[in-house]
Amino acid sequence: MSRAEKTAVYPGSFDPITLGHDDIVRRSLKLVDRVIVAVAETASQSKSSLFDLEERVAILERVYEDEPRVTISSFEGLLVDFARTSAAPIIIRGLRAVSDFEYEFQMALMNRSLWPQIEVIFMTPDNRYTFLSSSLVREVARLKGDVTAFVPPIVLEAMVARIGPSVAGG
């Protein structure tokens, strides 16, 4: 008897993707067969954005070019609609701190009310990354701080090209 492939969506702005995000994506593959990293379009409208939507998608494609079970896609609108049309009845959400839980719990309940078949899995990143967020990494980079320990090498390359060598300790 063969089982159906389990596909999950891991949504976010990923501006930029951090090692905490990467940790969750790669560990998710222990639970599901395929992960769709879904890049939210709304973040590209923000003045504090570092990369636009197309750049974020391209960076993520390079980060996961070694992992055929990870695909990258952008979306706009309701996450639950994207998940449904992608045949992905599982949403992966990262929790860094207890303060994240209330919001994420509300979103999970709303998504389930919109599509009762959806399941949400909450994951915590490795302890080394619990403090990391894209906005914190952007802020450190904009202030010319070294973000080498917080992002994948491909992301660091893109940040150096955008901001300068100071973000890589140079």
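Counting only residues that are touching a residue at least 40 places away in the same chain (Cβ under 8 Å) and over 15 Å from the mean Cα position of the chain (by Cα), which one in region 83-101 is surrounded by the most Cβ atoms within 10 Å (Cβ to Cβ)?
Among those that are touching a residue at least 40 places away in the same chain (Cβ under 8 Å) and over 15 Å from the mean Cα position of the chain (by Cα), it is ALA88.
Which one of GLU5, GLU55, GLU41 is in contact with a Phe, Trp or Tyr (Cβ under 7 Å, 6 or more places away or on another chain) and acidic (Asp, Glu)?
Exactly one residue qualifies, and that residue is GLU41.
Please work out if GLU139 is of a type in the set (D, E, K, R) and touching a residue at least 12 places away in the same chain (Cβ under 8 Å).
no
Among the listed residues GLU119, GLU157, which satisfies the condition of being more than 17 Å from the chain's Cα centre (by Cα), closer than 19 Å to ARG27 by Cα, at pLDDT 95 or above and among the acidic types (Asp, Glu)?
Testing whether each residue is more than 17 Å from the chain's Cα centre (by Cα), closer than 19 Å to ARG27 by Cα, at pLDDT 95 or above and among the acidic types (Asp, Glu) leaves just GLU119.
Is it the case, given these coordinates, that SER99 is more than 22 Å from LEU29 (Cβ to Cβ), modelled with pLDDT of 95 or more and not aliphatic (A, V, I, L, M)?
Considered against the rule, which asks whether it is more than 22 Å from LEU29 (Cβ to Cβ), modelled with pLDDT of 95 or more and not aliphatic (A, V, I, L, M), SER99 comes out as no.
Any idea which of VAL57, VAL25 is under 20 Å from ILE163 (Cβ atoms) and not hydroxyl-bearing (Ser, Thr, Tyr)? Break it down stepwise before answering.
Details: VAL25 fails: under 20 Å from ILE163 (Cβ atoms).
Residue meeting the stated conditions: VAL57.
Whether any residue in region 134-156 is touching a strand residue (DSSP E or B) at 6+ places or on another chain (Cβ under 8 Å) and either more than 20 Å from ASP23 (Cα to Cα) or surrounded by 12 or more Cβ atoms within 10 Å (Cβ to Cβ) (or both) is what I want to check.
Scanning region 134-156, I find at least one residue that is touching a strand residue (DSSP E or B) at 6+ places or on another chain (Cβ under 8 Å) and either more than 20 Å from ASP23 (Cα to Cα) or surrounded by 12 or more Cβ atoms within 10 Å (Cβ to Cβ) (or both), so the answer is yes.
How many residues are small (Gly, Ala, Ser) and within 22 Å of LEU156 (Cβ to Cβ) if we restrict to region 16-39?
Of the residues in region 16-39, 1 are small (Gly, Ala, Ser) and within 22 Å of LEU156 (Cβ to Cβ).
Would you check which residues across region 13-43 are out of contact with any strand residue (DSSP E or B) (no Cβ under 9 Å at 6 or more places or on another chain) and buried (at least 16 other Cβ atoms within 10 Å of the Cβ) and list them?
PRO16, THR18, LEU19, ASP22
So, in region 120-170, exactly how many residues are assigned to a helix (DSSP H, G or I) and of a type in the set (S, T, N, Q)? Break it down into steps so the answer makes sense when it comes.
Applying the first criterion (assigned to a helix (DSSP H, G or I)) to region 120-170 yields 127-129, 134-142, 153-163, 165-168.
Next, from what is left, pick out any that are of a type in the set (S, T, N, Q): 127, 134-135, 166.
Here the count works out to 4.
Please indicate, with yes or no, whether at least one residue in region 66-81 is surrounded by 15 or more Cβ atoms within 10 Å (Cβ to Cβ), at pLDDT 95 or above, among the aromatic types (Phe, Trp, Tyr) and closer than 19 Å to LYS6 by Cα.
No, region 66-81 contains no residue that is surrounded by 15 or more Cβ atoms within 10 Å (Cβ to Cβ), at pLDDT 95 or above, among the aromatic types (Phe, Trp, Tyr) and closer than 19 Å to LYS6 by Cα.
Please pick out the residue among ASP66, ASP22, ASP15 that is closer than 24 Å to ARG138 by Cβ, part of a loop (DSSP other than H, G, I, E, B) and of a type in the set (Asp, Glu). Write out each step before concluding.
Details: ASP66 fails: closer than 24 Å to ARG138 by Cβ; ASP22 fails: part of a loop (DSSP other than H, G, I, E, B).
Only one candidate qualifies: ASP15.
Might you check whether a residue that is β-branched (Val, Ile, Thr), in a strand (DSSP E or B) and touching a Leu at 6+ places or on another chain (Cβ under 8 Å) occurs anywhere in region 69-77? Write out each step before concluding.
Going through region 69-77, the residues β-branched (Val, Ile, Thr) turn out to be 70-72.
This time we only want the ones that are in a strand (DSSP E or B), so: 70-72.
Those left that are additionally touching a Leu at 6+ places or on another chain (Cβ under 8 Å): 70, 72.
Checked region 69-77: at least one residue is β-branched (Val, Ile, Thr), in a strand (DSSP E or B) and touching a Leu at 6+ places or on another chain (Cβ under 8 Å).
The values are calculated or read from the model by the stated rules, or taken from the named source; none is laboratory data. Bear in mind the structure is a predicted one, so any value in this text is a computation, not a measurement. Note that we place each Cβ from the backbone using ideal geometry, even for glycine, and neighbour counts take in every protein chain shown.
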